[in-house]
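Worksheet: the structure to be examined is printed underneath.
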Amino acid sequence: MNLGVRQLAECPLCASRRLRYAFSRDDQRAVRCADCRFLFLNPQPAGALPAPPPSNEVLAEKAQTFLAELARYRGAHGGRMLLLGNLDSPLRPAAEQAGFVVTAAEDATEYADAGFDVCVLWQTLGQRREPTALLKSAHRALKPGGYLAVATPSLDSLPARTLQQEWPAFRAGQLSFFDGQTLQTALFFAGFDQTIVEPARRRMSLGALADYCENTPRALAGGLIRAFVRLAPPALRRAERKVPSSDMLTFCRATVPRAKRVLSIVVPAFNEAASFDELIQAVLAKEIPGLDIEVIVVESNSTDGTREIALRYQNHPRVKLVLEDKPRGKGHAVRTGLAEATGDFVLIQDADLEYDLEDYDALLEPLITGREAFVLGSRHSGSVWKMRQFSGQAGLSAFLNFGHWFFTTLVNVLFGQRLKDPFTMFKVFRRDCLFGLTFECNRFDFDYELLVKLIRKGYRPLELPVNYRSRSFKQGKKVSMIRDPLTWLRALLKLRLAKIDPLSEVEHSRPAAVHEKPSARALAAGGEKAFCI
């Protein structure tokens, strides 16, 4: 249906009006949101854009792969499926063969409250003028806890990053283009959580890869691939192997909408009697427009009276108090707090007074508006590098500042970042970012584990400047000068070599990991991995 050309004044995802020209292809102008980085055609053309039809063989293979990955996420059982988009899709007979009762439709508006078990958007999300509206209508068609499965071209894919503006998906009838982070943001605001994004792969010979690159005459990578294939022996050109495709496969679950978003503040506390009471009173007095607040205090059996102070707040309606039988490290306490968190957003707050609570609003604003999923409160992102300065301990100050520089450089080199303060306590993120990740670090190395696993899952941290007043070891700083740097080195090297595969974590943790929240005891038992939802 021809709806006429439409000029968008704001981003369809985050409503920002800071739209920046990106490039033009085939007389179509693409713009990118300067805040959430969503890419889309603007103006939106009239009617559907022409798209070259893929071969039936390719579509059938994609359909089988898609259903296999869906089974890994939710289990190999059927149910009622609503298939939105191409009514002639080979996914329909494949799904019926897999045990689904399939209803195919152009959109979901007529199926509100129909209670489907699964809704599938297969190669259709980016072709719709209002993709967020399509996601919300899909949510209404599902039963509570129902599953949404999406296959769509990804800007994170190897072909997109390699071929850039020559990427064939830019000619495939798409009006908008997602990467993993923008798609997860759209799903979050449409009422979905427990989201897993996986890069798709398909079988392809070198000859077929060269044919794929024929449509990219100006891309250097495409030219190099074609030249290599021409020189390859015939047997090598015909051999098929699995290669990254242009698509991402995304699976998530429908949640019951809340009347108001919730922020979970996790406060690990051990031997902080001098500051704990003041800190908790300030946190409980804090109000953030549009958010309810729950405070999760994890007290690790202190010896200085911190536990006795914490017990005063155990009946406070906004406080959830967890008492550990012995101290196992800050990382263990934070893991325990994350297991108890029920909010939409999570903020980690130490029990000292080094950081300023007045920075909460600025740190949360990008999450509330949908611009970001993961924010770091950086002590060094402003105009001043806040060096540690301890009175009468110039040598110690210099050593700690050098250590900060060294480990920051190491993180940036190992994981391709440009961070200034990866070790900051202020880590703020959507709770659904944790889904499919396991954590095992117990000490201060957990700060690096949390950061790196979120990065490797696909989230780009935004650093915002915060106020910071460093305390000395005489004032209670607990970092070990020898032990902790060694654990940081070990953790970073292990994280660089480790495989991060959230879908495998979900698959291996079924049924408890998908259908119910694990207990804090199971998540926080010493030495065990913690599966976070």
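Can we say E358 is of a type in the set (D, E) and at pLDDT 95 or above? Taking the combined requirement at face value, the residue does not satisfy it. Quick check, is S519 modelled with pLDDT of 85 or more and of a type in the set (G, A, S)? Considered against the rule, which asks whether it is modelled with pLDDT of 85 or more and of a type in the set (G, A, S), S519 comes out as no. The set of residues in region 153-203 being assigned to a helix (DSSP H, G or I), open to solvent by less than 30 Å² (accessible area, probe 1.4 Å) and aliphatic (A, V, I, L, M) consists of A160, L163, A169, L183, A186, L187. For region 80-99, a residue qualifies if it is closer than 25 Å to V506 by Cα and open to solvent by 20 Å² or more (accessible area, probe 1.4 Å), and the qualifying residues are R80, E96, Q97, A98, G99. Among the residues of region 324-356, write down those that are closer than 18 Å to V262 by Cβ, in contact with a Leu (Cβ under 8 Å, 6 or more places away or on another chain) and open to solvent by 10 Å² or more (accessible area, probe 1.4 Å). Listed by number, the list holds a single entry, D344.
Name the residues in region 311-349 that are more than 30 Å from E365 (Cβ to Cβ) and assigned to a helix (DSSP H, G or I), would you?
First, the residues of region 311-349 that are more than 30 Å from E365 (Cβ to Cβ): 311-312, 314-315, 323-329, 332.
Within region 311-349, L311, H332 meet the criteria.
Free of Cβ contacts under 8 Å to residues at least 40 places away in the same chain and open to solvent by less than 40 Å² (accessible area, probe 1.4 Å): is that true of V295 in this structure? So V295 passes the test. Take the conditions under 30 Å from W488 (Cβ atoms), within 27 Å of the chain's Cα centre (by Cα) and assigned to a helix (DSSP H, G or I) and apply them to V283. Does it pass? Spelling it out, V283 is indeed under 30 Å from W488 (Cβ atoms), within 27 Å of the chain's Cα centre (by Cα) and assigned to a helix (DSSP H, G or I). Taken over region 232-280, the residue count meeting the criterion of being open to solvent by less than 80 Å² (accessible area, probe 1.4 Å) and assigned to a strand (DSSP E or B) is 21.
All of L121, L91, L134 fail the test of being more than 17 Å from F192 (Cβ to Cβ) and in contact (Cβ under 8 Å) with a residue 12 or more places away in the chain, apart from L91.
The one condition from (1) exposed (fewer than 14 other Cβ atoms within 10 Å of the Cβ); (2) at pLDDT below 90; (3) small (G, A, S) that S381 does not meet is (1). Inspection of region 417-424 finds a residue satisfying the criterion of being under 18 Å from D361 (Cβ atoms), assigned to a loop (DSSP other than H, G, I, E, B) and in contact with a strand residue (DSSP E or B) (Cβ under 9 Å, 6 or more places away or on another chain).
Looking at region 1-17, which of its residues are under 24 Å from the mean Cα position of the chain (by Cα) and surrounded by 14 or more Cβ atoms within 10 Å (Cβ to Cβ)? Result: C11, P12, L13, C14, A15, S16.
Results for (1) farther than 21 Å from R379 by Cα; (2) of a type in the set (S, T, N, Q); (3) modelled with pLDDT under 95; (4) open to solvent by less than 10 Å² (accessible area, probe 1.4 Å), shown as yes or no for each residue.
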{"site": "R418", "(1), (2), (3), (4)": "no, no, yes, no"}
{"site": "F426", "(1), (2), (3), (4)": "no, no, yes, yes"}
{"site": "F439", "(1), (2), (3), (4)": "yes, no, no, yes"}
{"site": "E449", "(1), (2), (3), (4)": "no, no, no, yes"}
{"site": "K453", "(1), (2), (3), (4)": "yes, no, no, no"}
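The values are calculated or read from the model by the stated rules, or taken from the named source; none is laboratory data. What you see is a predicted model; the values in this text were computed from it and never measured. As a convention, Cβ positions derive from the backbone with ideal geometry for all residues, glycine included, and neighbour counts pool all protein chains shown. Just so you know, the surface numbers come from the protein's heavy atoms only, side chains and all, with ligands and any DNA or RNA stripped out. Shrake-Rupley method; radii C 1.70, N 1.55, O 1.52, S 1.80 Å.
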